[in-house]
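Taken together, the values in this text are just the output of simple stated rules run on the coordinates, not laboratory data. The structure displayed is predicted, hence computed values, not measured ones. Positions of Cβ are generated from backbone atoms using ideal geometry, with glycine treated the same way; all protein chains shown enter the neighbour counts.
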Amino acid sequence: MSNKTRLDLLLVERGLEQTRQRAQAMIMSGLVFVDGQRVDKAGTAVPNDAQIEVRGNTLRYVSRGGLKLEKAMTTFGLKLDGCICADIGASTGGFTD
């Protein structure tokens with residue numbers, strides 16, 4: 001039996017978030033700290049007895065699509081004021097034509 005568990009699963013098990021998807025979004029937002037260190041990858045294996053904190057405000061968007069759009073805007077310097085945007089990626093993580 002492993003002494004480590006995925007961080008997103010631990011957040012749900014400990015009642016810090018309701019669903020694994022929301023836990024993943026919270027982690028990707030940089031709000032989760034494990035033993036005082038920020039962790040931004042949901043699949044990170046952490047010790048089962050680790051101290052886990054959620055710092056800051058909860059999610060600003062209804063889904064992870066908002067986080068992805070925000071990251072693209074920051075990375076590429078996009079100004080989308082007044083625009084309508086949609087996350088229409090492939091459901092299996094691949095590319096579509």
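Name the lysines eligible as straight-distance cross-link partners of Lys4: C-alpha to C-alpha under 18 Å, and not fewer than 8 places from it in the same chain. Correct list for Lys4: Lys41.
With r defined as the distance between the Cβ atoms of Arg38 and Glu70 and R0 fixed at 22 Å, what FRET efficiency is calculated, to the nearest 0.05? Spell out each step's value before the answer.
Details: r = 17 Å, r/R0 = 0.79.
That gives a FRET efficiency of 0.80.
Sorting 26-33, 11-18, 47-54, 74-81 by average packing, meaning the other beta carbons within 10 Å per residue, from highest down gives 26-33, 11-18, 47-54, 74-81. By the gyration tensor of its Cα atoms, with a ≥ b ≥ c the square roots of the eigenvalues, what is the shape of the range 4-57: rounded for a/c under 1.5, prolate for a/b over b/c, or oblate? Rounded, because the longest to shortest axis ratio a/c is under 1.5.
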